[in-house]
Structure formats: structure tokens, C-alpha cells
Amino acid sequence: MRTGPTGKLLRRDVVAELLRDRGGLLAIGGLGAPAWDITAAGDVPENLPLWGGMGAAAMMGLGLALAQPSRPVAVITGDGEMLMGIGSLATIAVQRPRNLAIVVLDNEHYGETGMQETATRHGVDLAAMARGAGIGDCRLVKTAEEVTALREAIHGGAGPLFAQVKIDEAPVPLVLPPREASILQARMREAVLGPAAHLQ
């Protein structure tokens, strides 16, 4: 796994490793770059990349995990998006879905609005906040080995878990999913519920 100019991991390498040999894993990509990242790793029906709704990714993941308890669910989002939805961690901790992982790709910037610094640039510890909310498995991930261990934990079914992954801030080329939310929703619904999903 490569590192960027800052010595931190490259986001696309991290996501490619997390989604490698994914089996039945369902992935939600938070607003902006994480949505492009999960698409770059493979534009499949089991992905739900969010084009909007900043702050909603973790709660959407919770709903999906509760509705599909036999399938692992990974929310892959950014530090800015997670900061906006930080209260969701308390609800996730109370509900305790064993199949849910929240992975925050932390480049310490708001990448979609001009690279303004986020609070994590100034010492805010998202993993500590998740731990304080009551999520038992909270990790600060900085190495390739820790990313691989995180992937194994996502599939291990001992969640909920939270990981703050420090990544390089350099921009990467856009890899855009379909733009229509109705298409994204319908194809995931069919992937989860089968061809007759539209009848339910």
C-alpha cells in the first residue's frame, strides 16, 4: 500500500483493500470523495454512494445493518461528513449492530468545498469521540497492516466498530457513480432483496 507526499496512506489504496474480496459486504460511501473512492474500487450494486445529505452516511449504514443483520455493512466516509453527523455515534452505540463498521477517511480537510481544514487538523480525535459514545472497538489506523486488520474485523461480525484512517490530502481523479439516486437505490435494493425487490 502506497503513501503520499505527507507519508500518509493513499485513500484509493485504503478503500481498495477494504473492499477486496468483499463477498456480501454492503458499502455506503459518504458525500464527496468517499463516494468516488468506493466507485473506483468497483461500481457494483452493493455500493450506495451518496451524492448529497452531508452527515447522513453513518445513520444510513445503521438502518441498513439493522435491516440486513446477516450481511456486513461498511460506511466509508470523510472526516468533515462524520463531524457533521457526530451524534449518530451515540445511536449506533446504543443499537450495537454487530455487522456495522464506520470507517472515516481522515485527510483533515473539507475536500469538496475548497480544502478548508477540519477540526481533526487541530487535534480533534474522532476515534476517542466514538469510544466516548460507547462503541467498543475504536481504532486510529495509520499503516497498511492496520488497514488489512481492519478489513478482517469488518468481516468478523464483532461490531459495531469505528476506524479513523489517516490518509494523504492529495486530490485524486474523479471516478463518478451513476448520478440518479433512484438508480443507486433500486440496484442496491435488488442486490439485497433479489429480482422481485420492486414488488415489495
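The figures follow:
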item: Taking the convex hull of Cα positions in the stretch 15-97, its mean projected area over all directions (nm²); result: 5.1 nm²
item: Cα-based shape type of the stretch 15-156, given that a ≥ b ≥ c are square roots of the gyration tensor eigenvalues and the cut on a/c is 1.5; result: rounded
item: Rounded, prolate or oblate (a/c below 1.5 giving rounded, otherwise prolate when a/b exceeds b/c) for the stretch 73-200 by Cα gyration tensor; result: oblate
item: Solvent-accessible area per residue for the chain (1.4 angstrom probe, square angstrom); result: 44 Å²
item: Top of A127, A149, A93 by mean-square fluctuation, Gaussian network on the chain, Cα under 10 Å; result: A149
item: Nearest-ten-degree value, helix 181-193 long axis tilted from longest Cα axis of the chain; result: 70 degrees
item: Nearest-ten-degree value, helix 57-67 long axis tilted from longest Cα axis of the chain; result: 40 degrees
item: Per-residue HN-Hα couplings for the stretch 31-39 [Karplus 6.51, -1.76, 1.60; θ = phi - 60°; Hz; x = Gly/Pro]; result: 3, x, 3, x, 5, 5, 5, 5, 5
item: Mean separation of Cα contacts under 8 Å (6+ apart) over length of the stretch 1-108, as relative contact order %; result: 26 percent
item: Estimated vicinal HN-Hα couplings, Hz - the stretch 8-18 in sequence order (Karplus 6.51, -1.76, 1.60; Gly, Pro = x); result: 8, 5, 8, 4, 5, 5, 4, 5, 4, 5, 5
item: Rounded percent of accessible protein surface that carbon and sulfur make up, the stretch 121-166, 1.4 Å probe; result: 51 percent
item: Contact order relative to length of the stretch 11-199, as percent, for alpha carbon pairs under 8 angstrom and 6 or more apart; result: 25 percent
item: Positive-end extreme of charge dipole, the chain - chosen from V172, G23, G78 (charges on Cβ); result: G23
item: Built amide H within the under 5 Å cut-off of L48, gap 5+; result: A27, I28, G29
item: Structure-based [θ]222 nm, the chain - -39500 (n - 2.57) summed over DSSP H runs of at least 4, per residue, nearest 500; result: -10500 deg cm²/dmol
item: Degrees, to the nearest 10: 144-154 long Cα axis against longest axis of the chain; result: 30 degrees
item: Extended-chain gain in nm, criterion 0.36 nm per residue less alpha-carbon gap, K142 and L10; result: 46.5 nm
item: Antiparallel bridges, percent of DSSP beta bridges restricted to the chain (to nearest 5); result: 10 percent
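The values are calculated or read from the model by the stated rules, or taken from the named source; none is laboratory data. For clarity, every value in this text was computed on a predicted model and none was experimentally measured. When we count neighbours, we look across all protein chains shown, and the Cβ atoms used for this are built from the backbone with ideal geometry, even at glycine. Side chains are part of the model used for accessible areas, which takes the heavy atoms of the whole protein and leaves out ligands, DNA and RNA. Shrake-Rupley method; radii C 1.70, N 1.55, O 1.52, S 1.80 Å.
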